[in-house]
Structure formats: C-alpha cells, structure tokens
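The values are calculated or read from the model by the stated rules, or taken from the named source; none is laboratory data. All of these numbers come straight from a predicted model, not from anything done at the bench. Ideal geometry is used to build each Cβ from the backbone, glycine not excepted, and the neighbour counts take in all protein chains shown.
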Amino acid sequence: MTDDTTAPYVAVLGGGVMGETLLSALLGGGWTPERVEVTESAAVRANELASRYGVRTGASNAEAAARADVVLIAVKPNVVGSVLADVRDRLRTGALVVSVAAGLPLSFYESRLAAGTPVVRVMPNTPAVIGKGASAIARGTATEPGHLVLVERILDSTGLVVRVDEKDLDAVTAISGSGPAYAFYLIDAMAEAGVLLGLSRDLATRLAVATVEGSAALAAESGDHPVVLRERVSSPGGTTVAAVRELDAHGVRAGVVAAAQAARDRSRELGAAYSS
Ligand SMILES: NC(=O)c1ccc[n+]([C@@H]2O[C@H](COP(=O)([O-])OP(=O)(O)OC[C@H]3O[C@@H](n4cnc5c(N)ncnc54)[C@H](OP(=O)(O)O)[C@@H]3O)[C@@H](O)[C@H]2O)c1
C-alpha cells in the first residue's frame, strides 16, 4: 500500500474493461490520481474515466509513456504492435512495460522495444473488477525481482496474484483467464435446473450464485482439498452422492478437462497468429 506523491508514475494505455480495472486497482492500492494517467482512443470514454477517477486523460500514447515509470498496456492484442511502435522511442530509461494482452509472448514486446527494456506479462481475469480476481505474472529477460514486486503492488487490490514461468501462461489462461465463464456456465445450469424443478428463475439464480460463492469461500478459507469438502456433504445413501454420480455419468469432469485443453490450445493459436 502506498499513499504518497513519489509512487511510480503509471500510464495505462487503453481505457476499456481491463484498463479501468487496473486504474481502479492503482487508486485502490493508494496511488494518487496525479500519479496515474490513461490514454484512450475514444474521447467519450476518456472523459468518462477522467470524471470518474480524476486522472489525466487525452495525451497520446507516446506523450504518456514519456512521463511514465510504468507503462501498462491494456489494449486488444491486435493493437499492441502499433502501441509499441508509438512508445518505443519515448520510453524513459529503465521504464517497466507491463501488458495484460492475452496470448502475445514476451518476445513480441522485447523484439519491438529497446534492448534491456524490462517487460512483465499479466494474465488477469474479470473478477478483478471487484477485487476477487486471479492474476498470473511472468517476467521477461531484463526483468529484476523488484519489477515483479512492483507489479504485485499494482495488482494488490485486484485479488490473488501468482508468479509463473511464461511457458505456463497458456494453461493459466485456460484455468483462471477463461475460468469465470466455466463458473457462470455452472451457475446458469444450476439455475436452469431449479426452474425445471419448479422454482422461480429469480430464486433459483440467487440460490445458485450464493451456493457457488459460498462453496468457493469455504474452499479458500478451510484450505481443505475439494474432494474432502465434497465428501463432507455426501452422506451415505443420500441426495448429494446420487447427484454426483449423475455428474460423473454425464462426463461433466471430462468436459471441464476438455474445455480447459481447448482454451489452452486456442491461447497458443491466438498467440502465434498475433505474433506473426
Ligand atoms: N476483459 C478481460 O476479461 C481480460 C482478461 C484477460 C486479459 N485481457 C486483455 O486485456 C486487454 C484489454 O481487453 P479489454 O477487455 O479491456 O478490451 P477493451 O474493453 O476493448 O479495451 C481496450 C480499449 O483500448 C482502446 N484503444 C484501442 N486502440 C488504442 C490505442 N491505440 N491507444 C489507446 N487506446 C486504444 C479501445 O478503444 P476503442 O474501443 O475506441 O477501440 C478500448 O477502449 C486485451 O489485450 C485482453 O486480451 C482482458
């Protein structure tokens, strides 16, 4: 937590969903609005962020990067190449480049920036918006341990942050990056089942959301293995064991594994396509 006027100056390039999440994380983590700015191609959106957070907007990527100790890239992967071209010659010596763009390898950045530029890749997920995210960070070839500590500080209020080797980021994308969609899918399926069994949709959805939320919190707080937690609610000859048998019979576990493998493979494909 910081709360001074000497915090590293951060330029967030791209003020969309993830850019706003990072901006909010910085301010929630103690950065003052004077130490953060956002660039955004849509003027209406830039004005919205300026009035909501009191940060500077409206500069070009190059102007913002020239002032920054940390440049946070939060544009879509297909735009990252042109953003790097904007900032390449304007980055301050020693400035840290951090990117949340999915798929693009660290070598993509390092080959387009001056030799020795420290780069960190982040794979966040959407629950970061409410401080319940899970992010993995991977270091580039010129990154020092202090850079990772700084990125952890920036992401501190977004939720869990773990360090991984870059080779594991496609798998991380498949589990925590795409994972919120799996959880929403399960919630929707449970709610649908509730409707089929005669509950109102509103009631079934509220029950499903609270159940998934509470189960995740219990798993996190107890630290017990999910199998142990599942066995604890499965009394002999009872309702839960009958339900879990149907989940197995319908291949739900195998479906989750196949889904994650497909996401991992797609992440690799997209990374290769964006890099070429
Ligand atoms: N959202 C997620 O859950 C999530 C999770 C993991 C990683 N990510 C990564 O986060 C990055 C951003 O995703 P997002 O969902 O936040 O996308 P987004 O909402 O589309 O945000 C990107 C923003 O950047 C703006 N922009 C486009 N070109 C620009 C430029 N040259 N300079 C400055 N700003 C520019 C866009 O404006 P216009 O709309 O006018 O083009 C848009 O507001 C992506 O690379 C994605 O892979 C996102």
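Among residues of the range 115-134 being surrounded by fewer than 23 Cβ atoms within 10 Å (Cβ to Cβ), outside any loop (DSSP other than H, G, I, E, B) and touching a residue at least 12 places away in the same chain (Cβ under 8 Å), the one that is farthest from the ligand (Cβ to nearest atom) is 134.
Checked against the criteria, residue 12 does not count as in contact with a strand residue (DSSP E or B) (Cβ under 9 Å, 6 or more places away or on another chain), near the ligand (Cβ under 10 Å from one of its atoms), assigned to a loop (DSSP other than H, G, I, E, B) and in contact (Cβ under 8 Å) with a residue 40 or more places away in the chain.
Where residues in the range 159-170 are assigned to a helix (DSSP H, G or I) and crowded, with 19+ Cβ neighbours inside 10 Å, which of them is nearest to the ligand (Cβ to nearest atom)? Please lay out each step first, then the result.
Step one: of the range 159-170, the residues assigned to a helix (DSSP H, G or I) are 166-170.
Okay, now just the ones that are also crowded, with 19+ Cβ neighbours inside 10 Å, so 169-170.
On the way: 169: 11, 170: 13 Å.
My answer is 169.
Annotation: of all residues in the range 21-49 being assigned to a loop (DSSP other than H, G, I, E, B) and within 13 Å of the ligand (Cβ to nearest atom), the one that is farthest from residue 59 (Cα to Cα) is 42. Residues in the range 95-114 that are more than 14 Å from the ligand (Cβ to nearest atom) and either basic (Lys, Arg) or part of a helix (DSSP H, G or I) (or both): 106, 107, 110, 112. One residue stands out among those in the range 81-91 that are of a type in the set (A, V, I, L, M, F, W, C) and out of contact with any Lys or Arg (no Cβ under 9 Å at 6 or more places or on another chain): the one that is surrounded by the fewest Cβ atoms within 10 Å (Cβ to Cβ), which is 91. Just one of the numbered conditions (1) in a helix (DSSP H, G or I); (2) within 11 Å of the ligand (Cβ to nearest atom) is not true of residue 72: (1).
Selection over the range 257-267 of residues that are surrounded by fewer than 14 Cβ atoms within 10 Å (Cβ to Cβ) and either of a type in the set (A, V, I, L, M, F, W, C) or not assigned by TED's automatic domain parsing to the domain that holds residue 185 (or both) gives a count of 3. Residue by residue through the range 107-134, note down the ones that are of a type in the set (A, V, I, L, M, F, W, C), more than 22 Å from residue 160 (Cα to Cα) and touching a Gly at 6+ places or on another chain (Cβ under 9 Å). Listed by number, the list holds a single entry, 108.
For the range 100-138, what are the residues that are over 18 Å from residue 24 (Cβ atoms) and among the hydroxyl-bearing types (Ser, Thr, Tyr)? Within the range 100-138, 107, 109, 111, 117 qualify.
Would you check if there is a residue in the range 51-67 being outside any loop (DSSP other than H, G, I, E, B), crowded, with 18+ Cβ neighbours inside 10 Å, among the small types (Gly, Ala, Ser) and more than 10 Å from the ligand (Cβ to nearest atom)? Yes, there is a match, as at least one residue in the range 51-67 is outside any loop (DSSP other than H, G, I, E, B), crowded, with 18+ Cβ neighbours inside 10 Å, among the small types (Gly, Ala, Ser) and more than 10 Å from the ligand (Cβ to nearest atom).
None of 103, 94 is surrounded by fewer than 16 Cβ atoms within 10 Å (Cβ to Cβ), of a type in the set (Gly, Ala, Ser) and touching an Asp or Glu at 6+ places or on another chain (Cβ under 9 Å) except 94. Go through 242, 219 for me and flag whichever is in a helix (DSSP H, G or I), of a type in the set (Gly, Ala, Ser) and surrounded by 12 or more Cβ atoms within 10 Å (Cβ to Cβ). Within the list 242, 219, the selection yields 219.
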